[in-house]
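Comments concern the structure below.
The values are calculated or read from the model by the stated rules, or taken from the named source; none is laboratory data. Note that the structure is predicted; figures quoted are calculated from it, not measured. Methodologically, a virtual Cβ is constructed for each residue, glycine included, from the backbone with ideal geometry; neighbour enumeration extends over all protein chains shown. We work out accessible area using only protein heavy atoms, side chains counted, and drop any ligands, DNA or RNA first. Shrake-Rupley method; radii C 1.70, N 1.55, O 1.52, S 1.80 Å.
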Amino acid sequence: LANLMDVSFADIISKCMSLGIMVSINQRLDAEVIELVAGEFNYEVEFIGLDDAEEEDEEIEDDEEDLLPRAPIVTIMGHVDHGKTSLLDYIRSANVVAGEAGGITQHIGAYQVTINGDKKITFLDTPGHEAFTAMRARGAKAADVAVIVIAADDAVMPQTKEAISHAQAASLPMIFAINKIDKDGANPAKIYEQLSQMNILVEEWGGKYQSQEISAKKGLNVDLLLEKILLEADLLNLRANPDREASGTIIEASLDKGRGYVATVLVQNGTLRQSDLMVSGQYFGRLKALTNERNQRVTEVPPSAPVQILGLNGAPQAGEKFKIYTDESEAKDVATKRSQIIREQGLRTRKHITLDEIGRRLALGNFKELQIIIKGDVDGSVEALSDSLQKLSTEEIVVNVVHKAVGQISESDVLLATASDAIIIGFNVRPSSQASRLAQNEGVEIKTYSIIYNAIEEVKSAMEGMLEPKV
Ligand code: GDP
């Protein structure tokens, strides 16, 4: 930094000290300190590097005429025991009956099936919203459609509501699969009624959400559900350019004793080829073998298809993006630079919004929505708090309650907060110890109150600070 600004090390160190930061000569400063110090010397800082490298990737837009339809990618979410795994299992095995070349014999984290001869759908093979949200928290947008499974002999349960909140926070279209209709006591109408109380109206009730009554166990009406997924996909007009280098997301990765590092990737644009040079996170490598979920070796993987790869020199985290490079030394540089930074700084936590930070962000001019998650001890106070906070919305800033529920603040809440950059407000409830730890690691703010008025006042004054930023 001293070299860049053409000042002496001592100047930097004494400037840091005057700002109350004790540093040594070979210490790495964090971004905020660099900004502060540079500001003191009348420099403006522009950070280029990792994040930019990834953003740059998204900036390369495809020409309209290069875009071709791609298969929808579907995630299945819902309450425990409502039948997510059964549904995934049925679709996987029914497809074998349909006579597709080779049965799905490998669990690689995602699979693709063909319907009506030529229509494909990709399913993420890890049921539940935890996996999905953990990925989203890392910035991955891995699914196009969410199927929310609800058991017709049960009810809309806490995890059903959570799944709905997660899908809504990710702006994912939802299709409702009302499962277990083969069971005595199945009452789909009751489920529709409960959904309507959450402002979710299915088509049969005059609303916009598709729903399908099914039995995942018996395979009843699952074909109709698949048709509805295809219909939803048509509306989304999902397209990609197969004629470019592949990019996409890591679904899972591990170290296999015999084969080395194995990863399942989802190709989201372009075509992935054997011997491509891949970089994902701090790892890179030339792809040695591509194997699909039918245990077949493939040489080319089109958009929306999952594939298991060998050749990376490590196991990237699920949700990490990947990119293909042509220049070996460039690929190596990018990966090495990332691992250096990770080593030096430990896992860099992304800074999330805090009440204190609201004013600063508004001053930057791009802060329009305050996302809040509310957990409380009883329904009445959760509703009251949610209503009051939403009413704080002004023309400049909208208060948006991403999720509200009764109960302890859980890891799932923190993941949702990470993914949607939300603050968590607890009323007469506390975070679980795992949730606290995760929140600390992820930099998520959890505020707890025992008086509703205090919660409202604090958010309000933060928002007012936000409206009159100190210059
Ligand atoms: P998950 O926790 O949501 O993945 O639920 P599972 O798929 O593991 O299902 C939980 C239980 O419900 C299992 O015992 C399944 O056999 C059963 N089950 C799932 N779908 C149906 C169904 O359509 N009808 C009946 N009768 N049982 C089902």
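Taking every DSSP bridge with both residues inside the chain, close to 50 percent are antiparallel.
When the charge dipole of the chain is built from unit charges on Cβ atoms (+1 for Lys and Arg, -1 for Asp and Glu) and taken about the Cα centre, the candidate among 453, 126, 305 whose Cα reaches farthest toward its positive end is 126.
The residue 24 and residue 66 beta-carbon pair, evaluated with R₀ = 41 Å, returns a calculated FRET efficiency of approximately 0.20.
Label separation (residue 289 vs residue 453): 6.9 nm, computed from points 7 Å beyond Cα along the C-beta direction. Going by a ≥ b ≥ c, the root eigenvalues of the Cα gyration tensor, does the chain fall in the rounded group (a/c under 1.5), the prolate group (a/b larger than b/c) or the oblate group? The shape class here is oblate. Per-residue extension of 0.36 nm, minus the Cα-Cα distance of residue 205 and residue 7, leaves a gain of 64.3 nm for this segment.
Extension gain for residue 461 to residue 317 (0.36 nm times residue separation, less C-alpha to C-alpha distance): 48.0 nm.
For residue 409, the residues whose amide H sits under 5 Å from its own are 430, 432, ignoring neighbours fewer than 5 places away on the same chain, with H placed 1.01 Å from N.
Fully extending the segment from residue 396 to residue 116 would add 95.9 nm, taking 0.36 nm per residue of separation and subtracting the current Cα-Cα distance.
Per-residue ellipticity at 222 nm computed for the chain from its helices equals -11000 deg cm²/dmol, with DSSP H segments shorter than 4 residues left out and the rest contributing -39,500 (n - 2.57). Pairs of Cα atoms nearer than 8 Å and 6+ residues apart set the relative contact order; for the chain it is 12 percent.
Counting only protein heavy atoms and a 1.4 Å probe, the chain has 50 square angstrom of accessible area per residue. Between residue 326 and residue 184, the simple spin-label model (points 7 angstrom out along Cα→Cβ) gives 6.9 nm. Taking R0 as 22 Å, what FRET efficiency do you get between residue 254 and residue 105 from their Cβ-Cβ distance, rounded to the nearest 0.05? Efficiency for this residue pair is about 0.75.
Taking only the Cα atoms of segment 150-197, the radius of gyration and Dmax are 11.2, 35 Å.
Of 391, 141, 447, 120, the residue with the largest accessible area leads and the full order is 391, 141, 120, 447 (1.4 Å probe).
Looking at segment 372-435, the GluC sites (Glu not before Pro) that sit in a DSSP loop and have at most 14 other Cβ atoms within 10 Å of their own Cβ are 395, 396. If a spin label sat at a point 7 angstrom from the Cα of residue 218 along the line to its beta carbon, the backbone N atoms of segment 175-199 nearer than 15 Å would be those of 178-188. Summing +1 for each Lys or Arg and -1 for each Asp or Glu among the other residues whose beta-carbon sits under 10 angstrom from that of residue 211 gives -2. Using only the C-alpha atoms, the convex hull of segment 372-417 corresponds to 52 Å³ per residue. By a 1.4 Å probe calculation restricted to protein chains, residue 312 has an accessible surface near 10 Å², given to the nearest 10. Take the Cβ atoms of residue 93 and residue 46, set R0 to 60 Å, and the FRET efficiency comes out at 0.65. Just check segment 84-235 against the gyration tensor rule for me: Cα atoms, a ≥ b ≥ c as the square roots of the eigenvalues, rounded for a/c under 1.5, and otherwise prolate or oblate depending on whether a/b exceeds b/c. It comes out oblate by the Cα gyration axes. Using a probe radius of 1.4 angstrom, the carbon and sulfur fraction of the accessible surface of the chain is 48%.
For segment 145-161, backbone phi angles converted through the Karplus equation (6.51, -1.76, 1.60; θ = phi - 60°) give residue-by-residue couplings of 9, 10, 9, 9, 8, 10, 6, 6, 8, 10, 7, 5, 9, x, 6, 5, 4 Hz, Gly and Pro being listed as x. Between segment 376-439 and segment 140-171, the alpha-carbon centres lie 18 Å apart. For residue 238, the residues whose modelled amide H falls within less than 5 Å of its own, excluding neighbours fewer than 5 places apart on the same chain, are 70.
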